[in-house]
Amino acid sequence: TSCEGRKWHFAIMDGCTNKNIDADPTTVTVYDSLEDCCNVRFGQLDGCVKNDVCATTDRPTPTPTNEPTLLPTVGPTPSPTEEPTPSPTNSPTPLPTPNP
């Protein structure tokens, strides 16, 4: 259906929308305009949940890249430190130490 010929209806997931009706069209209330749908379903246009599938956007979604942008590393990470950290003690030190 072209955008000019679309009617509005209410859908739980979309609010007032002009996308194709997924349910049985005989059980769906159809509105001539977004304003009509919003006024009936929300009492006003302000705060109306809406999904206009024909609306244009100022910032379209950018085209995705054709390939990943980051290259994998050539080799493994550098070797571990020469002196590993000491094993934990069974009890804490009585006073703070000057260096860790």
Handout entry: the chain - percent of accessible surface contributed by carbon and sulfur, probe 1.4 Å
Key = 55 percent
Exercise for the section: Please report, in debye to the nearest 20, how large the charge dipole of the chain is about its Cα centre when each Lys and Arg carries +1 at its beta carbon and each Asp and Glu carries -1 there. Expected result: 80 debye
Problem - Helical contribution to [θ] at 222 nm, DSSP H n ≥ 4, -39,500 (n - 2.57), averaged over the chain, rounded to 500 - result: -2500 deg cm²/dmol
Completion exercise
Per GNM of the chain with C-alpha springs under 10 angstrom, the most fluctuating residue out of E67, E82, E35 is E82
Problem - Sum of side-chain charges, L45 neighbourhood, beta-carbon under 13 Å (Lys, Arg +1; Asp, Glu -1) - result: -2
Problem - Gyration tensor (alpha-carbon) shape descriptor, the chain, a/c threshold 1.5 - result: prolate
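What does the charge add up to near L34, with Lys and Arg as +1, Asp and Glu as -1, over the other residues with Cβ less than 10 Å from its Cβ?
Once positives and negatives cancel, what remains is -3.
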Problem - Relative contact order for the chain, counting Cα pairs under 8 Å that sit 6 or more residues apart, in percent - result: 22 percent
Problem - Ranked packing of 49-60, 9-20, most packed first, by mean Cβ within 10 Å - result: 9-20, 49-60
Completion exercise
Residue-ordered couplings for region 32-43, obtained by feeding phi - 60° into the Karplus form 6.51 cos²θ - 1.76 cosθ + 1.60 and rounding to whole Hz (Gly and Pro as x), are 6, 9, 4, 4, 4, 4, 5, 5, 6, 7, 10, x
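The values are calculated or read from the model by the stated rules, or taken from the named source; none is laboratory data. All of these numbers come straight from a predicted model, not from anything done at the bench. Neighbour counts are summed over all protein chains in view; Cβ atoms, including those assigned to glycine, are modelled from backbone coordinates with ideal geometry. Heads up: the accessible areas ignore ligands, DNA and RNA and are worked out on the full protein's heavy atoms, side chains in. Shrake-Rupley method; radii C 1.70, N 1.55, O 1.52, S 1.80 Å.
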